[in-house]
Amino acid sequence: MTLSEITDARFEVVLEEILRADRVFLFGMGRTALIMKAFAMRLMHLGLKTHVVGDVTTPSIGDRDLLLVGTESGETPSVVLVCKKARESGSRIVSFTKNRVSSVVSLSDEVLFIVMDSEAQKDRTGSIQPMGNVFQQSLLILTDILVKVLKDRLGISSKEMFKNHANLE
């Protein structure tokens, strides 16, 4: 239900955005930030150049780069600010959100909507979970699906991905 409005065509556009970018920057706040960091890790395992916005080693973003943001509301002030800065730098922006009319959506080149727009829709999910849990879990599933398709598209095995896994643990 929550991913029901993500068509194959929209999904493909986002895949192409990721593959076309020189570098991929990821951002979110709160628990959504944790999901975006997990996504960044898997993209790095695939061999893509990824950076988490806010880390001290994150370079400046440019016009050949992509910003991926997760935001349930689309109005979190820090997420809006990061999108504005990315837009000023000429980078492309893909957002994952539930809010169809928001500042982040207006700044984004592409959007994948996670359906949670009304209490009626929340009731149909049957969830008794608090706060943004359903959005965050849906975002994790969506980003894991993106990673699986990218893995296949790039012809990378799990064994090859493990070569990029942290070894200083």
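No lab work stands behind these numbers, since they all come straight from the coordinates. In this text, all values refer to a predicted model and were calculated from it rather than measured experimentally. Counting neighbours? That spans all protein chains shown, and the Cβs are built from the backbone with ideal geometry, glycine included.
Annotation: extensible slack from ASP55 through SER106 equals 15.8 nm (criterion: 0.36 nm per residue apart, minus Cα-Cα distance). From helices alone, the chain scores -14500 deg cm²/dmol at 222 nm; the rule is -39500 (n - 2.57) for each run of n ≥ 4 DSSP H residues, then divide by the residue total.
How large is the convex hull of the C-alpha atoms of the chain per residue, in Å³? Walk me through the numbers before you get to the answer.
Details: hull volume 21.0 nm³, N = 169.
In the chain, the Cα convex hull volume per residue is 124 Å³.
Using the structure shown, select from LYS85/LYS148; LYS85/LYS151; LYS49/LYS98; LYS84/LYS148; LYS85/LYS163; LYS49/LYS151 the pairs with a Cα to Cα distance greater than 22 angstrom. Beyond 22 Å: LYS85/LYS148; LYS85/LYS151; LYS49/LYS98; LYS84/LYS148; LYS85/LYS163. Remark on LEU26: its backbone amide H falls under 5 Å from those of HIS51, VAL52, VAL53, LEU68, a criterion applied only to residues 5 or more positions apart or on other chains, H modelled at 1.01 Å from N.
Site pair LYS163 and ILE141 shows an inter-label distance of 3.3 nm when each label is modelled 7 Å from Cα along Cα→Cβ.
Please identify the longest segment of the chain free of exposed trypsin sites (Lys or Arg not before Pro), where exposed means a DSSP state other than H, G, I, E or B and no more than 16 other Cβ atoms within 10 Å.
Numbers: sites that count: LYS49, ARG64, ARG100, LYS163.
It works out to 101-162.
By count of other Cβ within 10 Å, fewest leading, how are ILE156, ILE145, ILE128 ordered? Please list the in-between numbers first.
On the way: ILE156 16, ILE145 13, ILE128 6.
Lowest to highest Cβ neighbour count: ILE128, ILE145, ILE156.
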